[in-house]
Amino acid sequence: MNKVPITLMRGGTSKGVFLLRKDMPSLSSEWDQFLLDIMGSPDPNQIDGLGGANSLTSKVAIIQKSQDPSYDIEYTFAQVSLYNQVVDYKGNCGNISSAVGPYAIEKGLVPAEEPVTTVRIFNTNTKKIIKAEVEVEDGKVKTEGNYSIPGVPGSASPIFLSFEQPEGAVTGKILPTGNPTDTLSCSLGNIQASIVDIANPLVFVKAQDVGLKGDDLPDEYTSKQLNLLEEIRSLATEKCGFAPSQYATKLSPATPKLTVVSKPFNYTDTTGTTHNKEEIDVLVRMMSMQRPHKALAITGAVCTTAASKINGTILYEMIDHQSNRFAIGHPAGVMETIINDCENLSIKVGRTARLLMEGTVYTKRKYSNAFYENKVL
């Protein structure tokens, strides 16, 4: 076996393995196998690796200090499939992004400045900048605080992420098909969908059009409903040019993300808390790697916020456009986003993150990196 240093971190409602770029295989052609190896995929239980048998915990962040003075850190996100020999690098994960700033400070890649250190992060997947505001105390990342987010127990110090000019993150276009709304022909018939690429490509469909209520909880979906949603997502995957629809689940399982939306009404979240329709702008249910997301992806929240301002999308007709604050009801609670700047689009969202563990992972095989050559057991 071979030893590789890793850090395990929670970022928002996700958890992932953080690696320094220098500790990755020097041959990029080996990256997929290396990440599948350490995460224990493909296997829905990921019993032989670090993955947590859930798409929200089968994530990797690859970090290095930037040589470009316009940003501090280069960050590559990888979504590791549980079911296939696939690692998806197409999009970014906003939740994992919230842990990049604290990680960079703890590793000494960015100097700690009190009371708040701003870390400029270049996401290599989307070629976009994310600014992370991280609280610092006594030269260290502050972890304790009173800020809480739905889907994570307790409270912590807040981390505010600003997604700067996130339009066309993956496809290069805000509307990948050129249309605010498209008709997708699926087994249920013709479905109206809005495919929008801001921070990440999302496929928006109305809950009532796909036989859902809008406040559905993650354990309430039937296999038939999940298959229909993946069928619709696969059609949109082809529209984006990522893969033919019949191969979308295998070749592009994470991008775009299928997102079910509904006008707000009173609903109860997974904690048993009831939210009144007056406190939310829209109800959202997102799919993650063919399964219901237990909360909401941050890039999904950013895209939903921005898409609600685009005339002609199915979201536009649902939303009151008076405020730049936007409240999204998701399975675990309510998330708020803020549009900092409409002209040069910048959307801010609050998260928390925590370093969970630092240590060593043992790989099954040797990879093309000198680091391993001296670390064989």
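What follows draws every value from the coordinates through simple rules; no lab data is involved. This is a predicted model, so every value here is computed, not measured. Cβ: placed from backbone, ideal geometry, glycine included. Neighbour counts: every protein chain shown.
Taking the Cβ of Glu114 as the centre, find all other residues whose Cβ is under 11 Å away and add up their charges (Lys, Arg: +1; Asp, Glu: -1). The partial results should precede the final answer.
On the way: positive: Lys140, Lys142; negative: Glu113, Glu135, Glu137, Asp138.
Spelling it out: positives minus negatives among the neighbours equals -2.
Under 15 Å from the Cβ of Glu317, count the other residues' Cβ atoms, weight Lys and Arg +1, Asp and Glu -1, and hand me the total. Net charge around Glu317: 0. Per the Debye formula on identical point scatterers at the alpha carbon atoms of region 1-134, with no solvent, log10 I(q)/I(0) at q = 0.11 Å⁻¹ is -0.37.
Per residue Cα convex hull volume for region 263-377, in cubic angstrom? Intermediate values should be presented prior to the final figure.
Numbers: hull volume 23.2 nm³, N = 115.
Enclosed volume per residue, from the Cα hull, is 202 Å³.
A straight Cα-to-Cα reach below 17 Å connects Lys173 with the aspartates and glutamates Glu164, Asp182, Asp197, Glu238, Glu343, residues fewer than 8 places away in its own chain not being considered.
Please report, in cubic angstrom per residue, the volume enclosed by the convex hull of the alpha-carbon atoms of the chain. Display every interim value, and only then the final one.
Values: hull volume 51.0 nm³, N = 377.
Taking only Cα atoms, the chain has a hull volume of 135 Å³ per residue.
Candidate membrane-span-like segments in the chain, meaning DSSP H helices with Cα atoms spread over at least 24 Å of their own axis and a Kyte-Doolittle mean of -1.0 or above, are 223-240, with no membrane implied. Stokes-Einstein, applied to the Kirkwood radius of region 142-186 over Cα pairs at a viscosity of 0.692 mPa s and 37 °C, places its translational diffusion at 227 µm² s⁻¹. Computed over region 182-337, relative contact order equals 24 percent, with contacts defined as Cα pairs under 8 Å that lie 6+ residues apart. Springs between Cα atoms under 10 Å define the GNM used for the chain, and in it the highest mean-square fluctuation of Gly101, Gly154, Gly91 occurs at Gly154.
When the P(r) is computed for region 182-337, the part past 20 Å accounts for 44% of the Cα-Cα pairs.
Other residues whose C-beta falls under 10 angstrom from the C-beta of Thr259 contribute a net charge of +3, scoring Lys and Arg +1 and Asp and Glu -1. Largest first and in whole Å, the equivalent-ellipsoid semi-axes of region 101-222 read 38, 21, 9, each the square root of five times a Cα gyration tensor eigenvalue.
Cross-linked pairs Lys59/Lys309; Lys15/Lys131; Lys22/Lys257: Cα-Cα separations exceed 28 Å for Lys59/Lys309; Lys22/Lys257.
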